[in-house]
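The structure appears right after this line, and notes come after that.
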Amino acid sequence: MGDDRDGGLLLCDDEDAVLGISLFKYDNEPLAAHCFGEVKIGRFRELLEKEEPVLSEERDGLVARHPFCQGLIAQIEKRIETAVKEERLRKQKEIESKIDREEAARYKKAFSILNQIAEVEAQDAINLGGRLTDDAEEPRNGFCLYPSSAQITVGKRYNFELRLNTKTVPRGSIIGITCTNPKIRTATPEIRILAEDDSDILRKYVTIEGTEPNIEGVLRATAGNHVTEARIYVIPEKELLLSEGMVFQPESLTLRPNQPRRVHLLVYVKMIEGGSKIKIWSDNESIRCSQSEILVNEVDAERHIAKYELEVWGEGVGQDAVITAEYDNHLALLEVRIRSKDEEGQRGKGMFSEPEFSYEAEPLQRTSYSGETGTVIIYANFPSVKHYLGERCQYRKTLPSQVLIADLVAERCFYEISKKKVDSSGALIRLEARPDKIQSEAYVLSRKYGKQVHEALVDQDLVKDSRTSIER
């Protein structure tokens, strides 16, 4: 526990003997750091007299696994949770009162951009190539995609392995990545072979995603005169389709009011045969579907899967519905939501939420990131930060402060995106290479997106005024 702490609940028995001090699961929660008080535990000595193992051998804390302590701690944590929620609300109101409308608009725009970047760059991907712990073998013709063909499903990201010999594709080369079908997206439009890549045989990873089932395309990597290809087949989720007989694609949908969207019902005709009538209905009359029934025709099927296009629309922001397709004991469900554009942006979904300024007296770093809340925390009293923002962030709307905040936010967010990207890809062979790989990926993101984030976070009128004053 340590000899010194800002907050904590003093645990005492009914004769005021101190049993310990703790906030239990909230010990490391900043929002609970200043919670303090005393908890008196009645009849605790009776448990000790019965030699119940409720107190640690050092007599400096409760034994959490004992049933009595479990119940007690749960009750204490429940009350701390209330205090944490109140403190979170207080801090939020404090932040909102200090951030005016113009500044809030900049933050909202920037973090919307950052969440889009995170969605594109850091989504988990399934590796299709060889095992990452295997030694890299000499690629065919010195330049090759692995595997040469693959089946993928909609909405998931997959990594093809691009293996090359630097004697064939020298360092400094730029490899172009394309796909013949625009409905198969390539999240890796190009690959640069860097001078610091110190091996003769290199592994790079090409990330792709299919947006529609029952299509195919050719993935192509080109480096000068060298070309390698892999064929991709996008198929429906077989497990669901084979067990249920039909499935909506996609399975959930967010609509704007009175703006129709297309969806598809995929039917496995070996299970739901030709001539079957599928009934379709919505459980909310505010959200409707273009057809109330579909007559299955085996002529419509390719590879035993028939695909039927439907339109869905609705009215009334905030309305939710489940559209059901049913035949006999087979069901397919489509979740539909109607949201305004503004509401969609305010849902707070994504890797990041807007920044928070901490006034901790002697912080050890400039920024931190809470994976729990998605909050980027800027420590106002870190010396180099305080120099520009002021003791209570009173100068943060000046141009130098805005530029610094943009740098801090971008640096932290790109690092966190890179960490998630590296850890989920499994592309590292040596554990000790992880920090360098994360930082390298962060630099790539900074070069790719940094200007866009700065333009959103920094008042561009201030930038223009500053340039004009210098040019006079």
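Which of the residues belonging to the range 168-212 are hydroxyl-bearing (Ser, Thr, Tyr) and within 23 Å of the chain's Cα centre (by Cα)?
186, 188, 205, 207, 211
Counting only residues that are at pLDDT 85 or above, give me the strands (runs of 3 or more DSSP E) lying completely in the range 95-173 with at least 1 of them.
143-146, 149-153, 157-165
Residue 377: among the aliphatic types (A, V, I, L, M) and without any contact (Cβ under 8 Å) to a residue 24 or more places away in the chain, yes or no?
So residue 377 passes the test.
Is the range 177-198 home to any residue that is surrounded by 19 or more Cβ atoms within 10 Å (Cβ to Cβ), farther than 30 Å from residue 308 by Cβ, of a type in the set (A, V, I, L, M, F, W, C) and modelled with pLDDT of 90 or more?
Looking for residues that are surrounded by 19 or more Cβ atoms within 10 Å (Cβ to Cβ), farther than 30 Å from residue 308 by Cβ, of a type in the set (A, V, I, L, M, F, W, C) and modelled with pLDDT of 90 or more, one finds at least one in the range 177-198, hence yes.
The rows are residues; the columns are (1) part of a loop (DSSP other than H, G, I, E, B); (2) under 30 Å from residue 360 (Cα atoms); (3) not assigned by TED's automatic domain parsing to the domain that holds residue 393.
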residue: 19; (1), (2), (3): no, yes, yes
residue: 38; (1), (2), (3): no, yes, yes
residue: 52; (1), (2), (3): yes, no, yes
residue: 60; (1), (2), (3): yes, yes, yes
residue: 65; (1), (2), (3): yes, no, yes
residue: 68; (1), (2), (3): no, no, yes
residue: 74; (1), (2), (3): no, yes, yes
residue: 77; (1), (2), (3): no, yes, yes
residue: 80; (1), (2), (3): no, yes, yes
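Within the set of pairs 6 or more residues apart or between chains, which connect a residue that is within 27 Å of residue 270 (Cβ to Cβ) inside the range 309-328 to a residue that is charged (D, E, K, R) and not in a strand (DSSP E or B) with Cβ atoms less than 6 Å apart?
322/283
Within the range 315-350, how many residues turn out to be assigned to a loop (DSSP other than H, G, I, E, B), touching a helix residue (DSSP H, G or I) at 6+ places or on another chain (Cβ under 8 Å) and at pLDDT 85 or above?
The number of residues fulfilling the criteria is 0.
Return a yes/no flag: does the range 360-367 have any residue that is assigned by TED's automatic domain parsing to the domain that holds residue 464, at pLDDT 90 or above, under 18 Å from residue 443 (Cβ atoms) and not basic (Lys, Arg).
Taking every residue of the range 360-367 in turn, at least one turns out to be assigned by TED's automatic domain parsing to the domain that holds residue 464, at pLDDT 90 or above, under 18 Å from residue 443 (Cβ atoms) and not basic (Lys, Arg).
Taking the criterion of being over 21 Å from the mean Cα position of the chain (by Cα), at pLDDT 90 or above and either among the β-branched types (Val, Ile, Thr) or not assigned by TED's automatic domain parsing to the domain that holds residue 87 (or both), would at least one residue in the range 368-380 satisfy it? It would help to see each step written out before you state the result.
Quick first cut of the range 368-380, residues over 21 Å from the mean Cα position of the chain (by Cα) only: 379-380.
From what is left, the residues that are at pLDDT 90 or above are 379-380.
Adding the requirement that they be either among the β-branched types (Val, Ile, Thr) or not assigned by TED's automatic domain parsing to the domain that holds residue 87 (or both) leaves 379-380.
Yes.
Which strands (runs of 3 or more DSSP E) does the range 216-283 wholly contain that include 1 or more residues that are touching a Ser or Thr at 6+ places or on another chain (Cβ under 9 Å) and at pLDDT 90 or above?
Correct list: 226-235, 261-268, 277-282.
I'd like the full set of residues that are over 17 Å from residue 441 (Cα atoms), outside any loop (DSSP other than H, G, I, E, B) and not hydrophobic (A, V, I, L, M, F, W, C), limited to the range 174-206.
176, 178, 185, 186
Looking only at residues in the range 390-406 that are in contact (Cβ under 8 Å) with a residue 24 or more places away in the chain and in a helix (DSSP H, G or I), which one is farthest from residue 119 (Cα to Cα)?
Among those that are in contact (Cβ under 8 Å) with a residue 24 or more places away in the chain and in a helix (DSSP H, G or I), it is 399.
The values are calculated or read from the model by the stated rules, or taken from the named source; none is laboratory data. Everything numeric in this text was worked out from a predicted model, so none of it was measured. Here the Cβ is made from the backbone with ideal geometry for all residues, glycine too, and neighbour counts use every protein chain on show.
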